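Read the structure below first, then the notes.
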Amino acid sequence: MDTEQVAAIPDGPDGFTYLNELSNPNQLSPVAWWTKISLSNSSDRLYSLRLILHPGSFFHSVDFYTKQNNQWVTVIESPDGVKNKDPNAERFHWAGIDLAPGQNKTVLIRTTGVAPNKLAPYLSLDTQFNEYVARSTIWDGLLFGGLLALAWTAILLSLFARSRVFLILGLLSFLTLLVEAIRRGYDKLNLLSHTIELSYRSPLILGNLTILMFISFILAIAHSEKTHLPLRQLLIAWAIYYGGLVLLSAFGDVFQVYWLSDHLRPFFSLTLLVIAILFIRHNTPTRGLILAVAAFSLARASLIALEASGSLPASISNLSMGSLRMNPAIALGGFLINLALFAGWVAYVGLQRKKAQEKIAHLQREENIRLTKEVARQTKALNEALAYADEKNRQQTQIVGYISHDLRAPLATIAGYTKLMQHKANDQQKAQLNAITRSVDYQLALIEDILAYATAELKPLSLAPEPINLADFLEEIAQHATALSRQKNNLFTIKVTDQIPKTVWLDGRRLRQVLLNLLSNAAKFTKNGTITLEMIATPLNSQWHLHFIISDSGIGIAPDQQEKIFKEFSQLEQSKIDVGVGLGLYIAQSILQIMHSELRLESSLNHGSTFSFDIQATAEKQCVTWTEPQALPIFESTDPFLASQPSTPLETESLFPTLSNNQDFPTLKPPLPTREELAAMARNGLVTDIENWLITMSVQYPACTNYLNSIQEALNLLDLDAVERLALS
């Protein structure tokens, strides 16, 4: 129908009727509604009027028509519309009409997208309308400015405090700002007004999204404070419901959304009120403010529901022109409550931060006190440990000094008597005494090394190269090795290449220490067998390469023990009868390492052992031919007991007789008086004196080796009763 046809419709039940006579004026439907307004000026003055449709309501479309020159035209196209056109026409649905004295005018209004109860227009003078617009603009500015400041401050605080609650509150304030701006028509001042469908749907989308954000705000508070939220499942159901309304507002039937919003929002507000009341029972931050927000939301939703149903009292509806949503007092009241909620939450966060800082400071003080006590305790324990270690080191040094003194004293006595005996000794006896002197000197040097080794806390040994006569050096080693071999009835042989350098520059003392340690080790673990020292000398440019091999036919070394024996204080597990501290091979390896060499081992269990190493030494060009050294004479005892004993195979003219490993020797013993001395030492526990007795007897009575070995084995086991029995047997 066009405007002419609508204007021709008569008044009455089948035509235009009054709004209060409609059967359901609150029903929103997609049909178009025509409203006919009759204006009459019975006064004698001209009135400039504004015909305003329900402010705060959302119309899909509005058109005002008036009759001009017998034709119906839109008010904007009429002279009145052109005359009264101003920017406010974009914010409100209104028409400006000039009514002369005695003039009558009819205005037709076509609307869509709104219920009939929102079609009754407001008629106002032009001046009154302008005053209303000015006042509402001021109130709107206060409202928008406050909401914008609240949103911006909350978002900034969320970034600095890393708080999800502040972020949601900022977004909630920003969405509220958009909803209030659209409700007051400010969206019609931008490009959104040209998109009619989007302009009509946007209030619904943003309004439902705002409620969804408010629910998220409550859930975030409960989550951040780890507080049990009453009716949490119901609140989540409301969140899902409003999320669905957002989608339905954007893509579905708008009229269903309006119906659901108007009829179910009071129940949602009631849910918030119940939750807020239950919140009071918990120690939830800003619970009082949340209760105020819920109460305000319930009251506002109830008034809007009454307004939608047409049951709102006139005294309340007259508070504002149009919808209650346009009332600035109600809008500012909601803003102030939100602002109070924000301020309360900021104060709570500040209080929480202060409490956290105080707690951290308290914990720091407690931790500092604890750490101070712990440091004091650890320092005390460390000082005690250092004092204990110093005392132990002092005791060890003192013990080493005592041991070295006790070892040097008998050796010094032996050396002194040896020098006295040399004055009246013949050539044969002098050779024997010289051998004793060399052994004593060597033992004294070893004692000094042990003392220096202990007091220096196992620091690396040093070298002092000097020219030595290689042939004499090897002969001396052979004599020592022969004496060591005889202790367990072993045969010693030495093999040297024919041509050797006469003089070499090396640390003879250290090399002697290495060789005698290896030979002593071989003698310790070999019985009735053979021990061999072999040296192969090879010229190498201006130096000589000396290759030493020490082999024996002793008990051998198991493969799993071969790496262990080179460690300090390590012994073979099978050598229980030969007690020692386990430093011999370690010292030998240490000396060879500073000589830029390494000790090598080839051995298997019960098949003997072979140790070898290589050194390079600077030597003179002059070479000598190696000759086998003379035999070390056996000490001829003047004791009548030994003189009456048959000679042993060791009493031969050759230094290296051939012995059978299975040869049996008669068990010879020293004279009874000396054995009685041994028994007395055993009874008194004089272990050191017994060891000195064994050394003296092994030199004076070499034929008694088997007997002396039995004494040594019992002494190694510290079985002094067995020593006494053997002495008196």
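The values are calculated or read from the model by the stated rules, or taken from the named source; none is laboratory data. What you see is a predicted model; the values in this text were computed from it and never measured. A quick note on method: Cβ atoms are made from the backbone with ideal geometry, for glycine too, and the neighbour counts reach across all protein chains shown.
Using the structure shown, decide if Ser163 is within 42 Å of the chain's Cα centre (by Cα), farther than 30 Å from Met1 by Cβ and surrounded by 16 or more Cβ atoms within 10 Å (Cβ to Cβ).
Spelling it out, Ser163 is indeed within 42 Å of the chain's Cα centre (by Cα), farther than 30 Å from Met1 by Cβ and surrounded by 16 or more Cβ atoms within 10 Å (Cβ to Cβ).
Matching residues to (1) of a type outside the set (Lys, Arg); (2) surrounded by 17 or more Cβ atoms within 10 Å (Cβ to Cβ); (3) at pLDDT below 90:
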| site | (1), (2), (3) |
| --- | --- |
| Gly322 | yes, yes, yes |
| Ala340 | yes, no, yes |
| Ala347 | yes, no, yes |
| Arg377 | no, no, no |
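Taking each residue of the stretch 153-181 that is closer than 22 Å to Ser224 by Cα and looking for partners that are outside any helix (DSSP H, G or I) with beta-carbon atoms closer than 7 Å, six or more apart or interchain, yields Leu157/Ser163. Scanning the stretch 89-115 for residues that are touching a residue at least 60 places away in the same chain (Cβ under 8 Å), outside any strand (DSSP E or B) and within 24 Å of Ala181 (Cα to Cα) yields Glu90, Arg91, Phe92, Gly113, Val114, Ala115.
Output the residue which, of all residues in the stretch 460-500 that are assigned to a strand (DSSP E or B) and of a type in the set (D, E, K, R), is nearest to Arg512 (Cα to Cα). If we take residues in the stretch 460-500 being assigned to a strand (DSSP E or B) and of a type in the set (D, E, K, R), then Glu466 is nearest to Arg512 (Cα to Cα). Every test in (1) at pLDDT below 90; (2) more than 29 Å from Gly608 (Cα to Cα) is passed by Trp544 save one, and that test is (1).
Residue count for the stretch 49-64, restricted to those that are within 24 Å of Asn130 (Cβ to Cβ) and in a strand (DSSP E or B): 7.
Of all the residues in the stretch 39-60, those that are over 14 Å from Ala95 (Cα atoms), of a type in the set (S, T, N, Q) and in contact with a strand residue (DSSP E or B) (Cβ under 8 Å, 6 or more places away or on another chain) number 2. Looking only at residues that are assigned to a helix (DSSP H, G or I) and of a type in the set (S, T, N, Q) in the stretch 501-522, which one is farthest from Ile555 (Cα to Cα)? The qualifying residue farthest from Ile555 (Cα to Cα) is Gln513. The single condition among (1) surrounded by fewer than 17 Cβ atoms within 10 Å (Cβ to Cβ); (2) modelled with pLDDT under 85; (3) over 30 Å from Thr696 (Cβ atoms) that Ile565 does not satisfy is (1). Beta carbons closer than 7 Å, at least 6 apart along the sequence or on distinct chains, pair a first residue in the stretch 590-613 that is at positive phi with a second that is not in a loop (DSSP other than H, G, I, E, B) for Gly608/Ser551; Gly608/Asp552. Condition check: modelled with pLDDT under 85 and either of a type in the set (Lys, Arg) or part of a strand (DSSP E or B) (or both). Does Arg675 satisfy that? No, not satisfied.
In the stretch 687-699 there is at least one residue that is of a type in the set (S, T, N, Q) and buried (at least 16 other Cβ atoms within 10 Å of the Cβ).
When the stretch 129-159 is filtered for residues that are loosely packed, with under 14 Cβ neighbours inside 10 Å and farther than 24 Å from Leu336 by Cα, only Glu131 remains.
Checking each residue in the stretch 391-417 for being at pLDDT 75 or above and within 25 Å of Val687 (Cβ to Cβ) picks out Lys392, Ile414. The set of residues from the stretch 504-543 being buried (at least 16 other Cβ atoms within 10 Å of the Cβ), β-branched (Val, Ile, Thr) and in contact with a Leu (Cβ under 8 Å, 6 or more places away or on another chain) comprises Val504, Val514, Thr530, Ile531. If you check Asn20, Asn24, Asn41, Asn69 for being farther than 24 Å from His263 by Cβ and either in the same structural domain as Ser261 (by TED's automatic domain parsing) or loosely packed, with under 15 Cβ neighbours inside 10 Å (or both), only one passes: Asn69.
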